[in-house]
Structures are given as C-alpha cells and as structure tokens.
Amino acid sequence: MKKFFDVSVEKYDANKKFHVFRPASLRKPKDNAVMFIMKEYLQYMEMLYNVKECLIFWPCEESVPKEIATCNVVKKCERPHFEYCKFFRDNNVVYLPRKAEGKYIDGSFIATGAIIGSNACIMPGAYIGENVRMGDNVYVGAGVKLVGDIVIGNNVVIRENSVLGADGLSTDRDEDGKAATMPQFGEVILEDDVQIGANTVIARGAIDETVIRRGSKIDNSCFISHNVHIGEDSFIVGETIMFGSSELGDKAFVSGNATIRNGIKIGNNVTVGMGAVVVRDVEDGRVVKGNPAR
C-alpha cells in the first residue's frame, strides 16, 4: 500500500482507532482511504461494501447502510466534497513533487528512477521526473516538463514546452469564503501513438488518472484538466479547454477554442464546432456548435 499521509480517524469518531493513508474514489475504492460520495451517486454505494477502515464523507440527509457504517467512519455532512477537501487542509496534507536527484544528459534533467524506453529522443531543456515511465520511440520536445506519476506508451510525441502532471484545481470555499482546495494525487496516462502539441498542459488526476487513449492527437495550447478521459483516435484542436472529469469518446473531433464543462460526457464520432461551449452531454455521432452548444 502506498502511503500518501497518515491520519488517525479518532478526531472524526472517538470509538475508532484506525488510520487512513491515501485518497480513493467511488470508482476505485480502497481500504484505509478517505473518500466522499455525493447524493447523485448514491446509486453506486455498493462499491463501498467491500472496503474497510475508511473515512467517508456522506450526504447528511441520506441513510448509511450497516455494511458500510460498521467497518468505516462515516461522517454525515451537507457538503461531502467540501468536507473531503477540508480534510486535507485540516490535516496539513500536501502532495507536491519532491526535488529529485538525477543527471543532466544533453541539457535535459533525467531524474533517478525515471524509466526511459529505447530510442527515445529527449531534446535539451526537458525535465523528466522520477515517477515517469516511458515506452519506446518517444519524442520529448525542448522545455517539456513531466512531473508526478506519468505513464507514456510507445511512439508518443510531446511537443515543445508542454507540461504533463501539473495539479488541477478544486474550487470549494468554506463558510468564510476561504479556499479549501485538495492536493492532487493521480496519474497521467498517454497510450501508444498519442501526440501532444506545444504549450499544452495536461493535469494529473485528482485521485485516479487523466487518460489519453491510443492514437489521439491534441493540438498546441490546449488545457486538459484533472480526471479527463479522451478516447481513441480523437482530435482536439488548439486552445480547447476540457475541464475536470469531462470525457470524450473515440474518433471525436473538437475544433479550435472549444470549451467543455466539467463532468460532461461526449460520445463517439462527435464533432464539436469552433468556439463551442459544451454544457450538456452529447450522444454518439452528433454535430454540436455555438454557445451553449446544440
């Protein structure tokens, strides 16, 4: 078990003595984790039946199954996501990349522990962090920064000055209006044959991962936020923004300067027009454009 922190749950329930060591999501629940569940996702609560010794923030008006309450600490609250973020603030939990040891090779910094496949081309001025796992025939342009946990497949191109693994931003506030953001713990995964344009930023997953599937191409100056999933063989044109936990299907085409709201799901073979603002889910095969996109 990888331990990101070590917090006793006694401050949340004096009758329980265990510790939590990591975050987890409803999609991938784990033992000894801190989690939250929103009212609109209670239909998936059975995912929590098989975990134990967790701290779970729960909607205050909703009942908690005995199977979950017995093995965990469940804190009912009005704003589960906020309380989840507040957990990190109250317990002084941060998760920033540490300063790694390594070597400068041809003007690029390669951290000790990084795994570089065969026939990689890493141009001067790149930074390759210690938790990067890179496949074969990868091109890394000048000035690229790869930080945090990143998995890169074969035949991937990452163009100049792009940043992969930066933190995304949560936007909860407390009752006094002060920010209660959460640190980001997840990975970035680029499958085989992915291309990332220059000056693009891809944030790591908040808890699990941000994923770009095989063969997809992302243009210059795009922002792909935390937890975004992009399907196979899709195109995303320059200056597009995909906000947190949005999804794009296979063989989709997103034209330039589009904006996709957080949590939106766009299907396969969809075309999103230039400058469109997508605020509703889009079914397979549709063409949408405008603000809001229709």
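The values are calculated or read from the model by the stated rules, or taken from the named source; none is laboratory data. Predicted, not measured: the structure shown is a model, and the values here were computed from it. Cβ atoms come from the backbone with ideal geometry, glycine included; neighbour counts cover every protein chain shown. All accessible areas refer to the heavy atoms of the entire protein, side chains included, with ligands and DNA or RNA removed. Shrake-Rupley method; radii C 1.70, N 1.55, O 1.52, S 1.80 Å.
The calculated pair-distance distribution of the range 167-235 uses every alpha carbon pair, bins of 5 angstrom beginning at 0, and gives 4, 18, 21, 22, 14, 9, 6, 4, 2, 0 percent. Positive end of the dipole of the range 226-294 (Cβ unit charges, origin at the Cα centre): among P292, F243, I264, the Cα lying farthest that way belongs to P292. Cα centroid separation, the range 198-238 to the range 66-109: 22 Å.
Does anyone have the angle between helix 80-90 and the longest principal axis of the chain? Alpha-carbon axes, 0 to 90°, nearest 10? Computed tilt is about 90 degrees. What you get for the chain, charging only the Cβ of Lys and Arg (+1) and of Asp and Glu (-1), is a dipole of about 340 debye around the Cα centre.
The sum of -39500 (n - 2.57) across all DSSP H runs of n ≥ 4, divided by the residue count of the chain, sets its helix-only mean residue ellipticity at 222 nm to -1500 deg cm²/dmol.
Each residue of the range 225-238 was assigned a 3J(HN,Hα) from its phi angle through the Karplus expression (A = 6.51, B = -1.76, C = 1.60, θ = phi - 60°), giving 7, 5, 6, 5, 10, 10, x, 6, 6, 9, 10, 10, 8, x Hz with x at Gly and Pro. Peptides 109-122, 168-181, 222-235 ranked from most to least packed give 222-235, 109-122, 168-181, packing being the mean of other C-beta atoms within 10 angstrom over each peptide's residues.
Electrostatic tally near D219: other residues with Cβ closer than 10 Å to its Cβ, Lys and Arg +1, Asp and Glu -1, net +1. With all protein chains kept in place, the per residue accessible area of the chain amounts to 48 square angstrom at a probe of 1.4 angstrom. Listed values for the range 154-169 are Karplus-derived 3J(HN,Hα) couplings in whole Hz (6.51 cos²θ - 1.76 cosθ + 1.60, θ = phi - 60°), namely 8, 6, 9, 10, 10, 7, 4, 6, 6, 10, 10, x, 5, 5, x, 10, and x replaces Gly and Pro. Shown are Y104, Y95, whose ranking by accessible area with a 1.4 Å probe and every protein chain present, most to least, is Y104, Y95. Out of these labelled values of semi-axes √(5λ) of the Cα gyration tensor in Å, (1) 38, 21, 19; (2) 35, 31, 15; (3) 34, 26, 16, which was calculated from the coordinates shown here? The value matching this structure is (3). Other residues lying with their Cβ under 13 Å from the Cβ of V93 contribute a combined charge of +2, Lys and Arg counting +1, Asp and Glu -1.
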